[in-house]
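**Student:** First the structure, then my questions, so here it is.
The values are calculated or read from the model by the stated rules, or taken from the named source; none is laboratory data. Only a predicted model underlies this, so the values are computations on that prediction, with no experimental measurement involved. We place every Cβ from the backbone using ideal geometry, glycine too, and count neighbours over all the protein chains shown. Heads up: the accessible areas ignore ligands, DNA and RNA and are worked out on the full protein's heavy atoms, side chains in. Shrake-Rupley method; radii C 1.70, N 1.55, O 1.52, S 1.80 Å.
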Amino acid sequence: MTGKANSEILVSGPQETAPELAKAPATEPSGETAASEPIREEKSLESQEPASQALATNTPAAPASPTATKPAPPNEDVPSAPLLLTVEDVSHNSVTVSWEPPEKLGRLGLQGYVLELCPEGASEWVPVNPRPVMVTQQTVRNLALGDKFFLRVAAVGSAGAGPPAVLDQPVHIQEIVEAPKIRVPRHLRQTYIRHVGESVNLQIPFQGKPKPQASWTHNGHALDSNRVNVRTGDQDSILFIRSAQRSDSGCYELILRLEGLEVKATVDILVIEKPGPPRSIRLLDVWGCNAALEWIPPQDTGNTELLGYTVQKADKKTGQWFTVLERYHPTTCTISDLIIGNSYSFRVFSENLCGLSDSATTTKELAHIQKADIAAKPKGFIERDFSEAPSFTQPLADHTSTPGYSTQLFCSVRASPKPKIIWMKNKMDIQGDPKYRALSEQGICTLEIRKPSPFDSGVYTCKAINVLGEASVDCRLEVKALTCRLSSSLSHTLKSNNQKKLG
């Protein structure tokens, strides 16, 4: 038997099972009690295995039955003692043991194993499983806390039970101690901020068996039971304050103690309220459309740092307040873009996480924005001379055209004063020729040639002239004839007409 089979045995406790099994001992098929066989088997074990003898002498033996007169079977017929009896696991109500098969299974074969239990201080072994089972691991359940007992296991063959293997130490059933551990929620790992008058409810889960002893402190001192309520359950501890005050701010520490072990966790609580207004505000200076202010920080910041100041202005005519600065950190500022002729008042609020202060500090005097006598002093204007001789910024480009389709030539010229534009073909002036139309607008010069023919090919020149000088650009225009294309199309038409006549 190489693998381990597992068996679970439910018992009501060794103290209750022992008397019942003592009154009704297990019997062999021959009708004789089996109580005498273990004694004879232990004696044979003493003569053959000294190591097993030491275990047997330290373990209480069951009393021999006076009616057992049958001689012990030969050693070759019964199995040897199981090997490596080990406790695998012990919990608060169960124990699991395992072993290895014996070296000798006996000539008649192995029928199973019998696990027996003996309470510490008793002398009677109580079978856990009355009948042999073919397993090498068993779990005994429904044990009571505080039980202490020995265990042994024997291999059973057809000729009887062999010598048992006994645990050298008793098994003690006791509650498993789990070290205490505190799990602080994520939102409590940073400063926990509450407003004055709000409730504080801290629920801190923890672990530990048996239930650890929990205690709270505030800044190293015991809690005020009149203000703080604490409830500790099996898995968490709750700290509750119905109406928080600023005095409740500080470091709260949860301490868990369990059998010499101690763990701590801290939670920082900050109870805040709105700040007071700045203590005073002063109008430093007024110039042009500007006013300079200065104020003193508030004496009460609301138990937290300030986020800044809010500055507002109001003109005397309307009396309406408008915000000009928000969350402004310095204690001096300059208000600009004030309207000339108006008088202004200014006020400042303090601000923290709770919001703006309930009241503001207002300037006592008004800031009068007066009209100033401004005399315009125009500077002498120096007229710039934009006169320029003609120069072409975009020259004419050579162009190829098709007979019968109008074409255009373009160029651009810059000059001041406006130049006179002259178009020429092959050095000859073409002004007034109805075949050509010349345009000039915003320095763009255009020459349109209406339905050109091959005779219109040549060199075209655009000349610009003003009082400062002149400039000219040239290009070549080529009008290609369509004689080849027309002759080929005409011959194709004649051929098709001849074929129609012959047909």
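**Student:** Residues in the stretch 209-232: is at least one closer than 24 Å to residue 352 by Cα, in a strand (DSSP E or B) and either assigned by the TED database to the domain that holds residue 152 or of a type in the set (Gly, Ala, Ser) (or both)? Full working, then the answer.
**Tutor:** Applying the first criterion (closer than 24 Å to residue 352 by Cα) to the stretch 209-232 yields none.
Among the residues of the stretch 209-232, not one is closer than 24 Å to residue 352 by Cα, in a strand (DSSP E or B) and either assigned by the TED database to the domain that holds residue 152 or of a type in the set (Gly, Ala, Ser) (or both), which makes the answer no.
Listed here are the residues, each with its yes/no results for (1) acidic (Asp, Glu); (2) surrounded by fewer than 15 Cβ atoms within 10 Å (Cβ to Cβ); (3) touching a residue at least 40 places away in the same chain (Cβ under 8 Å); (4) under 29 Å from residue 272 (Cβ atoms).
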residue	(1), (2), (3), (4)
289	no, yes, yes, no
292	no, no, yes, no
304	no, no, yes, yes
307	no, no, yes, yes
311	no, no, no, yes
318	no, yes, no, no
328	no, no, no, yes
334	no, yes, yes, no
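**Student:** Within the stretch 374-434, considering only strands (runs of 3 or more DSSP E) that don't extend past its boundaries, which have at least 1 residues that are surrounded by 12 or more Cβ atoms within 10 Å (Cβ to Cβ) and among the aromatic types (Phe, Trp, Tyr)? Talk me through it step by step, then tell me what you get.
**Tutor:** Details: elements: 388-394, 399-401, 407-416, 420-425.
Hits in the stretch 374-434: 388-394, 407-416, 420-425.
**Student:** Right, here's the next one. May I ask you to say which residue of 205, 212 is surrounded by 12 or more Cβ atoms within 10 Å (Cβ to Cβ) and either under 29 Å from the mean Cα position of the chain (by Cα) or modelled with pLDDT of 95 or more (or both)?
**Tutor:** Details: 212 fails: either under 29 Å from the mean Cα position of the chain (by Cα) or modelled with pLDDT of 95 or more (or both).
Answer to the selection: 205.
**Student:** I would also like to ask the following. Looking only at the stretch 224-237, decide whether some residue is of a type outside the set (Ser, Thr, Tyr) and at positive phi.
**Tutor:** Just the residues of the stretch 224-237 that are of a type outside the set (Ser, Thr, Tyr), to begin with: 224, 226-231, 233-236.
Still in the running and at positive phi: none.
Looking for residues that are of a type outside the set (Ser, Thr, Tyr) and at positive phi, one finds none in the stretch 224-237, hence no.
**Student:** Exactly one of (1) under 29 Å from residue 304 (Cβ atoms); (2) within 32 Å of the chain's Cα centre (by Cα); (3) open to solvent by 40 Å² or more (accessible area, probe 1.4 Å) is unmet by residue 188. Its number?
**Tutor:** Condition not satisfied by residue 188: (3).
**Student:** Hey, another quick one. Looking only at the stretch 479-503, filter to residues that are open to solvent by 90 Å² or more (accessible area, probe 1.4 Å) and not in a helix (DSSP H, G or I); which one of those is modelled with the highest pLDDT?
**Tutor:** The residue in question is 480.
**Student:** Then there is this: Find all pairs meeting these conditions: Cβ atoms under 6 angstrom apart; at least six residues apart or on different chains; first residue within the stretch 419-440 and modelled with pLDDT of 90 or more; second residue assigned to a loop (DSSP other than H, G, I, E, B) and among the aliphatic types (A, V, I, L, M).
**Tutor:** 423/430; 436/430
**Student:** Hey, another quick one. Report yes if residue 365 is touching a residue at least 24 places away in the same chain (Cβ under 8 Å), open to solvent by less than 30 Å² (accessible area, probe 1.4 Å), acidic (Asp, Glu) and more than 30 Å from residue 425 (Cα to Cα), otherwise no.
**Tutor:** Values: touching a residue at least 24 places away in the same chain (Cβ under 8 Å): yes; open to solvent by less than 30 Å² (accessible area, probe 1.4 Å): no; acidic (Asp, Glu): yes; more than 30 Å from residue 425 (Cα to Cα): yes.
The answer is no for residue 365.
**Student:** Same structure again: Being open to solvent by 40 Å² or more (accessible area, probe 1.4 Å) and modelled with pLDDT under 95 is the filter here, so list the residues in the stretch 232-241 that pass it. I'd like the intermediate steps shown before the answer.
**Tutor:** Filtering the stretch 232-241 down to residues open to solvent by 40 Å² or more (accessible area, probe 1.4 Å) leaves 232, 234-235, 240.
Matches in the stretch 232-241: 232, 234, 235.
**Student:** Out of all the residues in the stretch 93-121, which are buried (at least 16 other Cβ atoms within 10 Å of the Cβ) and either assigned to a loop (DSSP other than H, G, I, E, B) or of a type in the set (Asp, Glu) (or both)?
**Tutor:** Answer for the stretch 93-121, where residues must be buried (at least 16 other Cβ atoms within 10 Å of the Cβ) and either assigned to a loop (DSSP other than H, G, I, E, B) or of a type in the set (Asp, Glu) (or both): 94, 101, 102, 104, 105, 106, 116.
**Student:** Here is a further query. Counting only residues that are touching a His at 6+ places or on another chain (Cβ under 8 Å) and free of Cβ contacts under 8 Å to residues at least 40 places away in the same chain, how many does the stretch 208-244 have? Let's see the steps before the verdict.
**Tutor:** We begin by selecting, within the stretch 208-244, every residue touching a His at 6+ places or on another chain (Cβ under 8 Å); these are 224, 228, 244.
Filter once more, keeping what is free of Cβ contacts under 8 Å to residues at least 40 places away in the same chain: 224, 228.
Counting residues in the stretch 208-244 that are touching a His at 6+ places or on another chain (Cβ under 8 Å) and free of Cβ contacts under 8 Å to residues at least 40 places away in the same chain gives 2.
**Student:** Looking only at the stretch 231-272, which residues are of a type in the set (A, V, I, L, M) and over 33 Å from the mean Cα position of the chain (by Cα)?
**Tutor:** Within the stretch 231-272, 258, 261 meet the criteria.
**Student:** Filter the stretch 312-343 down to the residues that are part of a loop (DSSP other than H, G, I, E, B) and under 44 Å from the mean Cα position of the chain (by Cα), then identify the one that is nearest to residue 298 (Cα to Cα). Outline the logic, then answer.
**Tutor:** First, pick out the residues of the stretch 312-343 that are part of a loop (DSSP other than H, G, I, E, B): 316-320, 329-331, 336-342.
Cutting the leftovers down to under 44 Å from the mean Cα position of the chain (by Cα) gives us 329-331.
Numbers: 329: 13, 330: 13, 331: 11 Å.
Checking each candidate, the answer is 331.
**Student:** Checking the structure you have, find out if any residue of the stretch 148-166 is part of a strand (DSSP E or B), of a type outside the set (Phe, Trp, Tyr) and free of Cβ contacts under 8 Å to residues at least 24 places away in the same chain.
**Tutor:** Here is the first cut: in the stretch 148-166, the residues part of a strand (DSSP E or B) are 148-157, 160-161, 165-166.
Next, from what is left, pick out any that are of a type outside the set (Phe, Trp, Tyr): 148, 151-157, 160-161, 165-166.
Now narrow it down to the ones that are free of Cβ contacts under 8 Å to residues at least 24 places away in the same chain: none.
Within the stretch 148-166, not a single residue is part of a strand (DSSP E or B), of a type outside the set (Phe, Trp, Tyr) and free of Cβ contacts under 8 Å to residues at least 24 places away in the same chain.
**Student:** Could I ask something else about it? Kindly evaluate residue 254 against the criterion of being in a loop (DSSP other than H, G, I, E, B) and either under 30 Å from residue 218 (Cβ atoms) or open to solvent by 60 Å² or more (accessible area, probe 1.4 Å) (or both).
**Tutor:** Values: in a loop (DSSP other than H, G, I, E, B): no; either under 30 Å from residue 218 (Cβ atoms) or open to solvent by 60 Å² or more (accessible area, probe 1.4 Å) (or both): yes.
No, not satisfied.
**Student:** Next question, about the same structure. Hey, could you check the stretch 175-185 for residues that are within 25 Å of the chain's Cα centre (by Cα) and not in a strand (DSSP E or B) and say which is surrounded by the most Cβ atoms within 10 Å (Cβ to Cβ)? Show your work before the answer.
**Tutor:** Going through the stretch 175-185, the residues within 25 Å of the chain's Cα centre (by Cα) turn out to be 181-185.
This time we only want the ones that are not in a strand (DSSP E or B), so: 183-185.
Numbers: 183: 12, 184: 15, 185: 12.
Within the stretch 175-185, the match that is surrounded by the most Cβ atoms within 10 Å (Cβ to Cβ) is 184.
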